[in-house]
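As structure tokens, the structure follows; a few thoughts come after it.
The values are calculated or read from the model by the stated rules, or taken from the named source; none is laboratory data. Everything numeric here is computed off the predicted structure, so don't read it as measured data. Using ideal geometry, Cβ is built from the backbone for each residue, glycine included, and neighbour counts are taken over all protein chains shown.
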Amino acid sequence: MANAIECFNLTKRFPGCVALNEVSLAIPKGQIIGLLGPNGSGKTTLIKIVNGLLTPTAGEILVEGKHPGVETKKAVSYLPERSYLNDWMSVNEMINFFGDFYSDFNKAKAYDMLQRLNINPKDRLKTMSKGTKEKVQLILVMSREAELYVLDEPIGGVDPAARDYILDTIISNYSENAAMLISTHLITDVEKILDGVVFIDRGSIVLSATVDEIREKENKSVDALFREVFKC
Amino acid sequence: MLGRLMKYEIKATGRIFLPLYGLILAFAGLNRLFMYFNLQKKSDFLPNFVSGISMLVYILLVAAAFVITLVVTVQRFRKNLLGDEGYLSFTLPVAVHSHIDSKMIVSLMWSVLSTVVALLSVAILAIGSGLYREIASGWDSVRDFFSQYGASGWGCVVSIVVLLLAAQLSGILSLYVSVVVGNLSGRHKRLAGFGTFLGIGVIAQVVFFSFANTSGVFQSYHDVPLDSVAQMRALSTDCLILAVFCAAFGVAFYFLTDWMLSRKLNLE
Amino acid sequence: MPWDLKSDRPIYAQLMEQIKLLIVSGVYPVGTKLPSVRDMAAEAAVNPNTMQRALAQLENEGLLYSQRTSGRFVTEDADKVMQIKNDFAVGVIHEFLEKMQKLGYNGRQTIALIKRIIEEESENGQRD
């Protein structure tokens, strides 16, 4: 099976709005894909459906060939936009928690990354700054050897040095068997590490292409094209 | 996976309950000491208001244990599943019902433990007060009770325990279903949740009383002589009918909660 | 060395150019083994698939060759590297001449200017 995610006419309606409108999409394995769109375009709705946090109104979605459920959650490593860490735990306890629930979690990798970012595993999450918490969360997510990584705004709240480290982590964790879906608005920073991009607007996909196709055809960066497509 | 969920559930809630239990038992011991000094006519050793305050603190702690059991049941469910932590909880590779199971079982465990600790603290207060002698003599009457009623006596005790557990579980589940309904109703989540809880209470009462009045099951006492094996049997039967009634509501709450968390979940 | 990638051209084409530069400038001498795709991608901070594409393209052009088990190497063909070096130099000179023309210098004037500057530089060098 060559696709990590497949959607067929996927639709999600909320009272008074259509968040996703008949979206059909395939994310192949071994690729890093950027999911780009303005606020409220449906990015997070799509990501939540992939992770089984929302049930679609109509259409179908397959993650690793299966409908979202316990089996797909074993295979998907998800970084949400917000901090989901239990405040009262220490980083050590959080690592044990992940190790207990995800059989693909690599503790040695997690401790190695913590050390490189100068985070003390004994620290409690309560005492950490927002940026540090985000780093811890990303470390936990990237320390899994998952089949699909879904990162919602992974570099939003961290300083430029940590941003470089995170992008480096993403590249060095790349595997031909795994796919990665990254939603972000900081396109310039991630553009170079992407295979392709999907532009989404008001619940519909408006463009799906590789980064180099865009650069070849339009003679401009994805960031510049994004600004043009979504000009206010 | 249920075991692992329960492990973390106990860790998360134990850090509130265990210190509280420690405090309750410590204050029970302290009060016992004060009583001892006062009995020794050494009341000038400690001013009376100190022992008074200590007793008040103890009583408040015991009351708090039961209030906190309730609050933690609601808060833990709301925060861990429907707050930001829900993003992690619901992406763990476990079935939705396992979350409900683990929280329900651990919450029941704390309710039982709170009762046990409260009784234990009373026992500490009663050291040397003659209560133990009375219990010892009371034990004889308990033995008399069982020798008089035999199996029906035991049946009665078991039915009462079953009823208490069923009532507690369906109580916990009614809180869960209220929290979930409240959370789905857009704005005024807390108000909607509270309204649901009251609504459930009213419905349960109406159903119960109309059932009791029309079926006449709970009238059995009138027909049998007091202090008889027959009455014990009637009491057991009534307890079990009530337990089934609670369980039926509990099962309905359970599946409603599971269905809403699986199909209607919409984390902010 | 930081990899300087412009935003308006395909990334793989820029990577090819930069790798060629590394080879002709002797960072990766003739016949040496290249780092793994993953390491090169990490160093350039680009997608590994894009790096792979650039390397495959260079292989097609004969500048690199791969051995199934031991990895990817720079060609042993020194003439080929030299030729690419020349191509680069010719490109730089064309670019330079174009700029000089914009400033109003013709070919002869440009050469005269270059001669003078080179002489001055070597005199300065002797004095030091």
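Give B:57, B:117, B:72 a once-over and let me know the one that is touching a residue at least 24 places away in the same chain (Cβ under 8 Å), β-branched (Val, Ile, Thr) and within 14 Å of another protein chain (Cβ to nearest Cβ). Steps first, answer last, please.
Details: B:57 fails: within 14 Å of another protein chain (Cβ to nearest Cβ); B:117 fails: within 14 Å of another protein chain (Cβ to nearest Cβ).
Result: B:72 is the single residue among B:57, B:117, B:72 that is touching a residue at least 24 places away in the same chain (Cβ under 8 Å), β-branched (Val, Ile, Thr) and within 14 Å of another protein chain (Cβ to nearest Cβ).
Can you pull out every residue in region B:1-37 that is over 22 Å from the mean Cα position of the chain (by Cα), within 13 Å of chain A (Cβ to nearest Cβ) and in a helix (DSSP H, G or I)?
Selection gives B:4 alone.
Please tell me if residue A:62 is closer than 25 Å to residue A:147 by Cα, in contact (Cβ under 8 Å) with a residue 40 or more places away in the chain, over 18 Å from the mean Cα position of the chain (by Cα) and more than 12 Å from every other protein chain (Cβ to nearest Cβ).
In short, no.
Could you say which residue among C:59, C:43, C:76 is of a type in the set (Asp, Glu) and out of contact with any strand residue (DSSP E or B) (no Cβ under 9 Å at 6 or more places or on another chain)?
Values: C:59 fails: out of contact with any strand residue (DSSP E or B) (no Cβ under 9 Å at 6 or more places or on another chain); C:76 fails: out of contact with any strand residue (DSSP E or B) (no Cβ under 9 Å at 6 or more places or on another chain).
Criteria check complete, one pass: C:43.
Within region A:190-213, identify whether any single residue is within 27 Å of residue A:114 (Cβ to Cβ) and of a type outside the set (A, V, I, L, M, F, W, C), and answer yes or no.
To start, the set of residues in region A:190-213 that are within 27 Å of residue A:114 (Cβ to Cβ) comprises A:190, A:192-194.
From what's left, of a type outside the set (A, V, I, L, M, F, W, C): A:192.
Yes, region A:190-213 contains a residue that is within 27 Å of residue A:114 (Cβ to Cβ) and of a type outside the set (A, V, I, L, M, F, W, C).
Would you confirm whether or not region B:40-56 contains a residue that is modelled with pLDDT of 85 or more and among the aromatic types (Phe, Trp, Tyr)?
Within region B:40-56 (the criterion being modelled with pLDDT of 85 or more and among the aromatic types (Phe, Trp, Tyr)), the answer is no, since none of the residues qualifies.
Looking at region C:49-61, can you tell me whether even one residue there is in contact (Cβ under 8 Å) with a residue 24 or more places away in the chain, in a loop (DSSP other than H, G, I, E, B) and not hydrophobic (A, V, I, L, M, F, W, C)?
The answer is no, given that none of the residues of region C:49-61 is in contact (Cβ under 8 Å) with a residue 24 or more places away in the chain, in a loop (DSSP other than H, G, I, E, B) and not hydrophobic (A, V, I, L, M, F, W, C).
Out of the helices (runs of 4 or more DSSP H) lying entirely within region B:94-185, which hold 2 or more residues that are under 17 Å from the mean Cα position of the chain (by Cα)?
The qualifying helices (runs of 4 or more DSSP H) are B:96-125, B:151-184.
Out of the residues in region A:89-104 meeting the condition of being more than 7 Å from chain B (Cβ to nearest Cβ) and without any contact (Cβ under 8 Å) to a residue 40 or more places away in the chain, tell me which one is surrounded by the fewest Cβ atoms within 10 Å (Cβ to Cβ).
A:103
Just to check your reading of the model, which residue among B:203, B:172 is touching a helix residue (DSSP H, G or I) at 6+ places or on another chain (Cβ under 7 Å), at pLDDT 90 or above and either among the polar types (S, T, N, Q) or not assigned by TED's automatic domain parsing to the domain that holds residue B:101 (or both)?
None of the other options fit; the residue is B:172.
Give me the strands (runs of 3 or more DSSP E) completely within region A:137-232, filtered to those with at least 1 residues that are within 24 Å of residue A:105 (Cβ to Cβ) and β-branched (Val, Ile, Thr), ordered by residue number.
Once the strands (runs of 3 or more DSSP E) in region A:137-232 are filtered for at least 1 residues that are within 24 Å of residue A:105 (Cβ to Cβ) and β-branched (Val, Ile, Thr), what remains is A:148-152, A:179-183.
Do we have any residue at all in region A:112-132 that's in contact with a Ser or Thr (Cβ under 8 Å, 6 or more places away or on another chain), assigned to a helix (DSSP H, G or I) and within 26 Å of residue B:4 (Cβ to Cβ)?
The answer is yes, given that some residue of region A:112-132 is in contact with a Ser or Thr (Cβ under 8 Å, 6 or more places away or on another chain), assigned to a helix (DSSP H, G or I) and within 26 Å of residue B:4 (Cβ to Cβ).
Under 7 Å between Cβ atoms, at least 6 apart or on separate chains: pull out the pairs that start in region C:16-28 with a residue that is assigned by TED's automatic domain parsing to the domain that holds residue C:55 and crowded, with 16+ Cβ neighbours inside 10 Å and end on any residue that is outside any loop (DSSP other than H, G, I, E, B) and basic (Lys, Arg).
Matching pairs, first to second residue: C:24/C:85.
With respect to residue C:42, determine if the residue is within 17 Å of the chain's Cα centre (by Cα), within 9 Å of another protein chain (Cβ to nearest Cβ) and part of a helix (DSSP H, G or I).
Details: within 17 Å of the chain's Cα centre (by Cα): no; within 9 Å of another protein chain (Cβ to nearest Cβ): yes; part of a helix (DSSP H, G or I): yes.
Criteria not met by residue C:42.
So, in region A:213-232, of the ones that are in contact with a Pro (Cβ under 9 Å, 6 or more places away or on another chain) and surrounded by fewer than 21 Cβ atoms within 10 Å (Cβ to Cβ), which residue ends up farthest from the other protein chains (Cβ to nearest Cβ)?
The qualifying residue farthest from the other protein chains (Cβ to nearest Cβ) is A:232.
Give me a count of the residues in region A:50-84 that are farther than 22 Å from residue A:194 by Cα and of a type in the set (Val, Ile, Thr).
The total comes to 5.
Restricting the search to region A:76-87, which residues are in a loop (DSSP other than H, G, I, E, B) and facing chain B (nearest Cβ under 7 Å)?
Across region A:76-87, the qualifying residues are A:80, A:82, A:83, A:84, A:86.
Looking at the structure I just gave you, is residue C:120 surrounded by 10 or more Cβ atoms within 10 Å (Cβ to Cβ), over 16 Å from the mean Cα position of the chain (by Cα) and under 29 Å from residue A:213 (Cβ atoms)?
No.
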